[in-house]
Amino acid sequence: MSARFASTRALTLAWLALVALAAGSLALSRVHLGAWGAPLAMGIAAVKAAVIALWFMELGRERFSSRGAVALAVGFVLLLAGFASLDVASRATPPARPPVRAEVSP
C-alpha cells in the first residue's frame, strides 16, 4: 500500500472552509431567523462534518468498505433522529388546565 497524503494546498483550503463555516455559524447565532435557525445551523454542521470526513479523515480516498461503514452509521443516526422527531410531532399537546365540569342542580 503506497502512502497517499493530501496536499498542503488541499488541507489549507479545507481548513479555510471550516473557518468560514464556523464564522457563518457564529453570525447565524446572532441573527433571529425563527424556525429557519435550527435547519440552517444543522446544514452548516453537516457541511463541516463532510469537510472533516473527506479531507482530514481522507474518507474520499478509502476503500468502499470504510466509506460504506461511515454511510451506514450516518444513515442509522438519521433514522433514529427521524423516528424521534416523528414521535414528538405525533403526540397530542396536553390541555393547559383541566376542563371545568358543569354542575347540574336538581
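Quick notes
- The single condition among (1) part of a loop (DSSP other than H, G, I, E, B); (2) at pLDDT 90 or above; (3) hydrophobic (A, V, I, L, M, F, W, C) that LEU28 does not satisfy is (1).
- Neighbours by Cβ (under 9 Å, 6+ apart or cross-chain): first from the range 37-64, without any contact (Cβ under 8 Å) to a residue 40 or more places away in the chain; second loosely packed, with under 13 Cβ neighbours inside 10 Å and of a type in the set (A, V, I, L, M, F, W, C): GLY37/VAL31; LEU40/LEU33; ILE44/ALA22; LYS48/ALA22
Every residue, every condition in (1) among the aromatic types (Phe, Trp, Tyr); (2) in a helix (DSSP H, G or I); (3) more than 17 Å from the chain's Cα centre (by Cα); (4) surrounded by 12 or more Cβ atoms within 10 Å (Cβ to Cβ), yes or no:
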residue	(1), (2), (3), (4)
LEU11	no, yes, yes, yes
LEU16	no, yes, yes, no
ILE44	no, yes, no, yes
TRP55	yes, yes, yes, yes
ARG67	no, yes, yes, yes
VAL70	no, yes, no, yes
ALA73	no, yes, no, no
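The values are calculated or read from the model by the stated rules, or taken from the named source; none is laboratory data. In this text the structure is predicted, and so the values were computed from the model without any measurement. Every residue, glycine as well, gets a Cβ built from its backbone with ideal geometry; the counts of neighbours run over all protein chains shown.
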